[in-house]
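Novice: The structure that follows is given in the form of C-alpha coordinates.
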Amino acid sequence: MHVPADPTVLHPMPDQPRVVLLKPLVTSPLIDVGEYSYYDDPDDPTAFETRNVLYHYGPERLVIGRFCALGTGVRFLMNGANHRMDGPSTFPFPTMGGSWADHFDLLTGLPNRGDTVVGNDVWFGHGATVMPGVRIGHGAIVASGSVVTKDVPDYGIAGGNPARLVRTRYSDEDIARLLALAWWDWPAEHITRHVRTLMSGSVDELCDAAPRAAAP
(Lines give C-alpha, C1' and ligand atoms only; values in the text may rest on other atoms or scores of the structure.)
Protein backbone atom coordinates (compact mmCIF):
# COMPACT_ATOMS: atom_id res chain seq x y z
CA MET A 1 0.00 0.00 0.00
CA HIS A 2 1.50 3.31 -1.11
CA VAL A 3 -0.28 5.68 1.27
CA PRO A 4 0.96 9.31 1.18
CA ALA A 5 1.61 11.32 4.32
CA ASP A 6 -1.27 13.52 5.44
CA PRO A 7 -0.53 17.22 4.64
CA THR A 8 -3.33 18.46 6.90
CA VAL A 9 -1.89 17.14 10.18
CA LEU A 10 -0.30 19.88 12.29
CA HIS A 11 2.25 17.58 13.95
CA PRO A 12 3.39 14.99 11.38
CA MET A 13 5.44 13.21 14.06
CA PRO A 14 3.15 12.93 17.11
CA ASP A 15 6.05 12.17 19.42
CA GLN A 16 7.93 15.28 18.21
CA PRO A 17 5.73 18.33 19.00
CA ARG A 18 8.61 20.60 17.99
CA VAL A 19 7.83 19.91 14.31
CA VAL A 20 4.79 21.44 12.60
CA LEU A 21 3.49 21.49 9.06
CA LEU A 22 3.02 25.14 8.20
CA LYS A 23 0.06 24.94 5.82
CA PRO A 24 -2.44 23.80 8.49
CA LEU A 25 -0.89 26.25 11.00
CA VAL A 26 -0.80 29.55 9.13
CA THR A 27 -3.88 31.77 9.25
CA SER A 28 -2.63 35.09 7.84
CA PRO A 29 -3.96 35.90 4.35
CA LEU A 30 -0.56 37.45 3.66
CA ILE A 31 1.28 34.13 4.08
CA ASP A 32 0.92 31.30 1.58
CA VAL A 33 2.64 27.98 2.35
CA GLY A 34 2.57 24.83 0.23
CA GLU A 35 1.84 21.33 1.43
CA TYR A 36 4.40 19.41 3.51
CA SER A 37 6.62 22.40 4.27
CA TYR A 38 7.59 22.22 7.93
CA TYR A 39 9.19 24.20 10.74
CA ASP A 40 11.17 22.81 13.67
CA ASP A 41 11.42 24.61 17.02
CA PRO A 42 11.82 23.09 20.52
CA ASP A 43 10.19 26.11 22.19
CA ASP A 44 6.99 26.91 20.31
CA PRO A 45 6.78 26.05 16.62
CA THR A 46 3.10 27.01 16.58
CA ALA A 47 4.10 30.68 17.06
CA PHE A 48 5.73 30.76 13.63
CA GLU A 49 3.57 33.61 12.31
CA THR A 50 4.46 35.97 15.16
CA ARG A 51 7.99 34.87 16.06
CA ASN A 52 9.40 34.09 12.65
CA VAL A 53 7.63 36.43 10.24
CA LEU A 54 8.54 39.89 11.50
CA TYR A 55 7.31 43.43 10.69
CA HIS A 56 4.64 42.01 8.41
CA TYR A 57 2.15 44.85 8.16
CA GLY A 58 1.30 44.30 4.48
CA PRO A 59 0.48 44.42 1.70
CA GLU A 60 3.46 42.34 0.58
CA ARG A 61 3.15 38.58 0.90
CA LEU A 62 5.36 35.76 2.09
CA VAL A 63 5.09 32.78 -0.26
CA ILE A 64 6.73 29.45 0.64
CA GLY A 65 6.48 26.51 -1.72
CA ARG A 66 5.90 22.82 -1.08
CA PHE A 67 8.32 20.42 0.62
CA CYS A 68 10.44 23.12 2.29
CA ALA A 69 12.37 22.42 5.49
CA LEU A 70 12.84 25.32 7.92
CA GLY A 71 15.27 24.86 10.79
CA THR A 72 14.86 26.41 14.22
CA GLY A 73 15.03 30.20 14.26
CA VAL A 74 14.56 30.80 10.54
CA ARG A 75 13.15 34.30 10.22
CA PHE A 76 11.65 36.37 7.45
CA LEU A 77 11.98 40.14 7.80
CA MET A 78 9.27 41.90 5.84
CA ASN A 79 9.11 45.40 4.38
CA GLY A 80 7.65 46.87 7.56
CA ALA A 81 11.14 46.71 9.05
CA ASN A 82 12.32 49.59 6.84
CA HIS A 83 13.13 53.05 8.27
CA ARG A 84 13.77 56.35 6.54
CA MET A 85 17.46 57.00 5.88
CA ASP A 86 17.32 60.33 4.05
CA GLY A 87 17.23 62.55 7.16
CA PRO A 88 19.51 63.00 10.17
CA SER A 89 17.52 60.47 12.24
CA THR A 90 16.25 57.01 11.31
CA PHE A 91 13.89 56.88 14.34
CA PRO A 92 10.20 56.30 13.38
CA PHE A 93 8.74 59.11 15.55
CA PRO A 94 5.14 58.93 14.23
CA THR A 95 4.72 55.32 15.39
CA MET A 96 5.15 56.43 19.02
CA GLY A 97 1.84 58.32 19.03
CA GLY A 98 0.89 61.66 20.50
CA SER A 99 1.22 64.64 18.21
CA TRP A 100 4.09 62.80 16.50
CA ALA A 101 1.42 60.72 14.77
CA ASP A 102 0.48 63.84 12.77
CA HIS A 103 3.60 63.20 10.74
CA PHE A 104 2.72 59.67 9.65
CA ASP A 105 3.12 60.75 6.03
CA LEU A 106 6.86 60.60 6.65
CA LEU A 107 6.57 56.82 6.86
CA THR A 108 4.75 56.39 3.56
CA GLY A 109 6.67 55.61 0.45
CA LEU A 110 9.39 53.70 2.27
CA PRO A 111 11.41 51.27 0.14
CA ASN A 112 9.33 48.19 -0.67
CA ARG A 113 10.93 45.24 -2.41
CA GLY A 114 7.64 43.42 -2.84
CA ASP A 115 6.77 39.85 -1.97
CA THR A 116 9.25 37.43 -0.43
CA VAL A 117 9.06 34.21 -2.43
CA VAL A 118 10.54 30.82 -1.57
CA GLY A 119 10.39 28.06 -4.18
CA ASN A 120 9.69 24.39 -3.63
CA ASP A 121 12.04 21.93 -1.90
CA VAL A 122 14.15 24.60 -0.18
CA TRP A 123 16.16 23.77 2.93
CA PHE A 124 16.89 26.51 5.49
CA GLY A 125 19.53 25.84 8.11
CA HIS A 126 19.27 26.87 11.77
CA GLY A 127 18.95 30.60 12.35
CA ALA A 128 18.88 31.75 8.74
CA THR A 129 17.40 35.20 8.10
CA VAL A 130 15.72 36.29 4.87
CA MET A 131 15.48 39.99 4.11
CA PRO A 132 12.48 41.67 2.44
CA GLY A 133 11.66 40.98 -1.18
CA VAL A 134 14.16 38.15 -1.64
CA ARG A 135 13.38 35.31 -4.04
CA ILE A 136 14.86 31.89 -3.32
CA GLY A 137 14.73 29.36 -6.13
CA HIS A 138 13.51 25.78 -6.20
CA GLY A 139 15.81 23.20 -4.63
CA ALA A 140 18.03 25.81 -2.99
CA ILE A 141 19.87 25.41 0.32
CA VAL A 142 20.46 28.29 2.76
CA ALA A 143 23.21 27.58 5.28
CA SER A 144 22.78 28.00 9.03
CA GLY A 145 23.14 31.56 10.29
CA SER A 146 23.01 33.08 6.83
CA VAL A 147 21.50 36.49 6.13
CA VAL A 148 19.98 36.38 2.67
CA THR A 149 19.93 39.87 1.17
CA LYS A 150 19.57 39.00 -2.51
CA ASP A 151 18.01 36.33 -4.69
CA VAL A 152 19.27 32.74 -4.64
CA PRO A 153 19.04 30.81 -7.93
CA ASP A 154 17.35 27.45 -8.42
CA TYR A 155 19.37 24.65 -6.79
CA GLY A 156 21.88 27.16 -5.44
CA ILE A 157 23.67 26.80 -2.10
CA ALA A 158 24.01 30.14 -0.31
CA GLY A 159 25.77 30.95 2.95
CA GLY A 160 27.30 33.75 4.96
CA ASN A 161 26.41 37.26 6.12
CA PRO A 162 25.51 38.61 3.68
CA ALA A 163 24.83 35.30 1.99
CA ARG A 164 26.64 34.57 -1.25
CA LEU A 165 26.25 31.80 -3.75
CA VAL A 166 28.70 29.05 -2.80
CA ARG A 167 27.85 26.77 -5.71
CA THR A 168 24.95 25.15 -7.49
CA ARG A 169 23.92 21.61 -6.71
CA TYR A 170 23.71 20.48 -10.34
CA SER A 171 24.86 21.47 -13.81
CA ASP A 172 22.78 23.97 -15.77
CA GLU A 173 21.50 21.13 -17.94
CA ASP A 174 20.39 19.04 -14.97
CA ILE A 175 18.80 22.05 -13.27
CA ALA A 176 16.77 22.66 -16.42
CA ARG A 177 15.65 19.02 -16.38
CA LEU A 178 14.73 19.17 -12.70
CA LEU A 179 12.70 22.33 -13.22
CA ALA A 180 10.92 20.71 -16.14
CA LEU A 181 10.13 17.67 -13.98
CA ALA A 182 8.72 19.86 -11.16
CA TRP A 183 8.40 16.72 -9.04
CA TRP A 184 6.78 18.75 -6.23
CA ASP A 185 3.68 19.00 -8.43
CA TRP A 186 3.39 15.25 -8.97
CA PRO A 187 0.37 13.51 -7.40
CA ALA A 188 1.13 12.55 -3.79
CA GLU A 189 0.53 8.87 -4.61
CA HIS A 190 3.17 8.98 -7.35
CA ILE A 191 5.65 10.77 -5.10
CA THR A 192 5.06 8.09 -2.47
CA ARG A 193 6.03 5.35 -4.89
CA HIS A 194 9.30 7.09 -5.70
CA VAL A 195 10.51 8.48 -2.37
CA ARG A 196 13.77 6.53 -2.56
CA THR A 197 14.55 7.94 -6.00
CA LEU A 198 13.72 11.45 -4.84
CA MET A 199 16.01 11.16 -1.83
CA SER A 200 18.94 9.21 -3.25
CA GLY A 201 18.55 8.77 -7.00
CA SER A 202 20.10 10.55 -9.96
CA VAL A 203 18.43 13.07 -12.22
CA ASP A 204 18.24 10.37 -14.91
CA GLU A 205 16.47 8.03 -12.50
CA LEU A 206 14.06 10.75 -11.50
CA CYS A 207 13.27 11.40 -15.16
CA ASP A 208 12.55 7.69 -15.58
CA ALA A 209 10.24 7.76 -12.54
CA ALA A 210 8.24 10.79 -13.71
CA PRO A 211 4.60 10.46 -14.71
CA ARG A 212 4.47 10.28 -18.49
CA ALA A 213 3.02 13.79 -18.83
CA ALA A 214 5.77 15.26 -16.61
CA ALA A 215 8.77 13.63 -18.31
CA PRO A 216 11.00 16.32 -19.93
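Novice: Round to a whole angstrom and tell me the spacing of the C-alpha centers of region 94-130 and region 22-53.
Specialist: Between the Cα centres of region 94-130 and region 22-53 lies a distance of 18 Å.
Novice: Something else now. Taking the chain as a Gaussian network, where each spring joins two C-alpha atoms under 10 Å apart, which residue of P29, P45, P92 fluctuates the most?
Specialist: Taking springs between Cα atoms under 10 Å, the residue moving most is P92.
Novice: Also, quick follow-up: For the chain, place one equal point scatterer on every Cα, skip the solvent, and apply the Debye formula. What is log10 of I(q)/I(0) at q = 0.10, 0.16 Å⁻¹?
Specialist: Listed by q, the Debye log ratios stand at -0.51, -1.13.
Novice: On a full-extension model of 0.36 nm per residue, what is the gain between S99 and D6, subtracting their alpha-carbon distance, rounded to one decimal in nm?
Specialist: Between S99 and D6, full extension yields an extra 28.2 nm.
Novice: Less than 13 Å Cβ to Cβ from P12, Lys/Arg counted +1 and Asp/Glu -1: what total charge do the surrounding residues give?
Specialist: -2
Novice: Please identify every one of the trypsin sites (Lys or Arg not before Pro) in region 1-103 that sits in a loop by DSSP and has no more than 15 other beta carbons within 10 Å of its own beta carbon.
Specialist: R18, R84
Novice: What does DSSP give for region 1-146 in terms of the percent of beta bridges that are antiparallel, rounded to the nearest 5?
Specialist: 15
Novice: What's log10 of I(q)/I(0) for region 91-216 at q = 0.11, 0.12 Å⁻¹, Debye sum over Cα points only, no solvent?
Specialist: -0.53, -0.59
Novice: Can you send over the carbon and sulfur percentage of the accessible area for the chain, probe radius 1.4 Å, protein chains only?
Specialist: The computed percentage sits at 55.
Novice: To continue, here is another question. Select from V142, V152, V203 the residue whose mean-square fluctuation is largest in a Gaussian network model of the chain (Cα-Cα springs shorter than 10 Å).
Specialist: V203
Novice: Per DSSP H run of at least 4 residues, take -39500 (n - 2.57); add these up for the chain, divide by its residues and hand me the 222 nm value, nearest 500 deg cm²/dmol.
Specialist: After summing the helix terms and dividing by the residues of the chain, the value is -3500 deg cm²/dmol.
Novice: In degrees between 0 and 90, to the nearest 10, how far off the longest principal axis of the chain does helix 172-181 point, with axes built from Cα atoms?
Specialist: 80
Novice: Most mobile of S28, S99, S171 per a Gaussian network model of the chain (Cα springs, under 10 Å)?
Specialist: Per the Cα network of the chain with a 10 Å cutoff, S99 tops the list.
The values are calculated or read from the model by the stated rules, or taken from the named source; none is laboratory data. Keep in mind that this is a model prediction, so the values were computed, not measured. For neighbour counting, all protein chains shown are included, and Cβ atoms are generated from backbone atoms with ideal geometry for every residue, glycine included. Ligands, DNA and RNA are stripped out before the accessible areas are found, and what is left, the full protein with its side chains, is counted by its heavy atoms. Shrake-Rupley method; radii C 1.70, N 1.55, O 1.52, S 1.80 Å.
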